[in-house]
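Notes follow once the structure below has been shown.
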Amino acid sequence: MKRPPSLRTLCIHGGRAGTPAEAAHGALHAPLFNDTTFAFADTASLVAVMDGERPGDLYTRFGHNPTIRAVEAQLAAIEGAEGALAFGAGLAAISAAILGHVRAGERVLCVGDVYGGTQELFETTLKGMGIESTFLLETAPEAVDHALEGGARVVYFETPTNPKLDIVDIAAVSRVAHARGALVVVDGTFATPVLQRPLALGADLVVHSATKYLGGHGDITGGVVAGAAVHLAPVWHVRRRLGQVMAPEIAFSLARSLRTLVVRVEAQCRTASVLAERLAADPRVLAVHYPGLPSHPGHKIAEAQMHAFGAIVTFVVGGGASASQRVIEALRLVALAPSLGGVESLATEPRTTTHRGLGPDARAARGIVDGMIRLSVGLEDVEDLWADLDTALSGAAV
Ligand SMILES: *Cc1c(COP(=O)(O)O)cnc(C)c1O
């Protein structure tokens, strides 16, 4: 029997039509077509592509461009999805997924802590268009079921969440959402397709900020929506109408990044778990949020639905905001920057960046305390990273 290719192999060869020798010039990789439009031999062929009766390349804003199609096929293979759509940013992907499936007068139920930009999108732009959102901080399936009594078109959540890495049970929440007729959209940015497969667990659409691990080198801004063709069709129309497509040059760079996705993420997870254990054992640290630690409230679910526990480690130092600020400013190897998922380690305080807009009370309600630092573990040597953290913690006298 033919062995299905593993994810590592799919990252490199997934989605490719035919063998390299069958490609133009025997190219190993899909070439970069920056073209904005494509020519036809006759009107009948143009109209057939225009009407969607025949696949073909036509106009890049539609995503009808060989470089964009190539990375989408690669992404679909990696995610185990029927299809994928590439966007200019994670938030473009998220907004198109919602606008493709929710009408004015309908509701989104947002479960657990969500990315600040997502919350802002729901509370301002989507609300202004008549799409209401309910934010349920509890993530237990029973709480979701109860909240759905009011009705919702879409149940939306992230797992692991930012910054405390809470874990939402994808299968259980999808079951209660489907029983109430809602569509399930999961933001899988923190886990990547390497660690977690939301579609296989019951979600209808998965979204990623490709700006993070998928791009992985801090030089790509992009987004992805993956799922069944029937759920992608309305999202494709929103992308076309709003002009949210990923640029061909970015698609080309993303295709290269994806080839190393598994090796990068696996190595980053190994380093993160060592750092999480050392921080948890360190008297200078008050708390460590990492799903790989048995003390983490989501540890059991994470063990069941993830292959590894991710490469984000969030920890709290004693002495509040002034102490975390001293630590973060004393780091030399780890850069003070708000993003995550790249080869270089980054650290940020949620109170100054990702959750700044919430204000102190809403942060406290989420357990986002002063003194908290979110560390995105890169590909540097684990001992070099530990030396940097250790020196910064000592120097800041926490
Ligand atoms: C960064 C991020 C986004 C937004 O992605 P952009 O590419 O910045 O638009 C959405 N969700 C999560 C979980 C993120 O970390």
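The values are calculated or read from the model by the stated rules, or taken from the named source; none is laboratory data. These figures come from a predicted structure and were not determined experimentally. So basically every Cβ, Gly included, is an ideal-geometry build from the backbone, and we count neighbours across all protein chains shown. Just so you know, the surface numbers come from the protein's heavy atoms only, side chains and all, with ligands and any DNA or RNA stripped out. Shrake-Rupley method; radii C 1.70, N 1.55, O 1.52, S 1.80 Å.
What is the one condition in (1) away from the ligand (no atom under 13 Å from the Cβ); (2) in contact (Cβ under 8 Å) with a residue 12 or more places away in the chain that R241 does not satisfy? Status for R241: all satisfied but (2). The residue of the range 42-51 that is farthest from F87 (Cα to Cα), among those that are open to solvent by less than 60 Å² (accessible area, probe 1.4 Å) and out of contact with any His (no Cβ under 8 Å at 6 or more places or on another chain), is S45.
For the range 146-168, residues that are without any contact (Cβ under 8 Å) to a residue 40 or more places away in the chain, under 17 Å from V186 (Cα atoms) and open to solvent by 10 Å² or more (accessible area, probe 1.4 Å) total 0.
Of all residues in the range 1-60, exactly one satisfies the criterion of being in contact (Cβ under 8 Å) with a residue 40 or more places away in the chain and among the hydroxyl-bearing types (S, T, Y), namely T60.
Could you list, in sequence order, the residues of the range 7-38 that are of a type in the set (S, T, N, Q) and open to solvent by less than 90 Å² (accessible area, probe 1.4 Å)? Correct list: T9, T19, N34, T37.
In the range 187-201, the qualifying residues are those that are under 15 Å from G90 (Cβ atoms) and part of a helix (DSSP H, G or I), and the one that is farthest from the ligand (Cβ to nearest atom) is P193. Scanning the range 202-232 for residues that are away from the ligand (no atom under 15 Å from the Cβ) and touching a strand residue (DSSP E or B) at 6+ places or on another chain (Cβ under 9 Å) yields G202, D204, G227, A228, A229, H231, L232. Scanning the range 156-169 for residues that are assigned to a loop (DSSP other than H, G, I, E, B), in contact with an Asp or Glu (Cβ under 8 Å, 6 or more places away or on another chain) and either more than 20 Å from L121 (Cβ to Cβ) or modelled with pLDDT of 95 or more (or both) gives T159, P160, T161, K164, D166, V168.
Of the residues examined, V173 is not one that is within 16 Å of the ligand (Cβ to nearest atom), hydrophobic (A, V, I, L, M, F, W, C) and in contact with a strand residue (DSSP E or B) (Cβ under 8 Å, 6 or more places away or on another chain).
If you go through the range 69-76 one residue at a time, do you hit one that is under 24 Å from the mean Cα position of the chain (by Cα), under 15 Å from L214 (Cα atoms), surrounded by 15 or more Cβ atoms within 10 Å (Cβ to Cβ) and among the β-branched types (V, I, T)? Yes; the residues of the range 69-76 include at least one that is under 24 Å from the mean Cα position of the chain (by Cα), under 15 Å from L214 (Cα atoms), surrounded by 15 or more Cβ atoms within 10 Å (Cβ to Cβ) and among the β-branched types (V, I, T).
Can we say D35 is assigned to a loop (DSSP other than H, G, I, E, B), away from the ligand (no atom under 16 Å from the Cβ), touching a Phe, Trp or Tyr at 6+ places or on another chain (Cβ under 7 Å) and more than 30 Å from A147 (Cα to Cα)? Against the criterion (assigned to a loop (DSSP other than H, G, I, E, B), away from the ligand (no atom under 16 Å from the Cβ), touching a Phe, Trp or Tyr at 6+ places or on another chain (Cβ under 7 Å) and more than 30 Å from A147 (Cα to Cα)), D35 does not qualify. The residues in the range 350-368 that are more than 16 Å from the ligand (Cβ to nearest atom) and either crowded, with 18+ Cβ neighbours inside 10 Å or aromatic (F, W, Y) (or both) can be counted, and the count is 2. Screening the range 82-155 for helices (runs of 4 or more DSSP H) wholly inside it with 3 or more residues that are hydrophobic (A, V, I, L, M, F, W, C) returns the ranges 90-101, 141-147.
Residues that are open to solvent by 40 Å² or more (accessible area, probe 1.4 Å) and among the hydroxyl-bearing types (S, T, Y) were ranked within the range 102-138; the one that is nearest to P234 (Cα to Cα) is T125.
The set of residues in the range 110-139 being touching a residue at least 60 places away in the same chain (Cβ under 8 Å), of a type in the set (A, V, I, L, M, F, W, C) and over 17 Å from G359 (Cβ atoms) consists of V111 alone.
Each row is one residue, and each column tells you yes or no for (1) under 12 Å from the mean Cα position of the chain (by Cα); (2) of a type in the set (G, A, S); (3) at pLDDT 95 or above; (4) crowded, with 23+ Cβ neighbours inside 10 Å.
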| position | (1), (2), (3), (4) |
| --- | --- |
| R180 | no, no, yes, no |
| V184 | no, no, yes, yes |
| P198 | yes, no, yes, yes |
| G202 | no, yes, yes, no |
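Does the range 110-120 contain at least one residue that is under 21 Å from the mean Cα position of the chain (by Cα), more than 27 Å from C269 (Cβ to Cβ) and away from the ligand (no atom under 13 Å from the Cβ)? Scanning the range 110-120, I find no residue that is under 21 Å from the mean Cα position of the chain (by Cα), more than 27 Å from C269 (Cβ to Cβ) and away from the ligand (no atom under 13 Å from the Cβ), so the answer is no.
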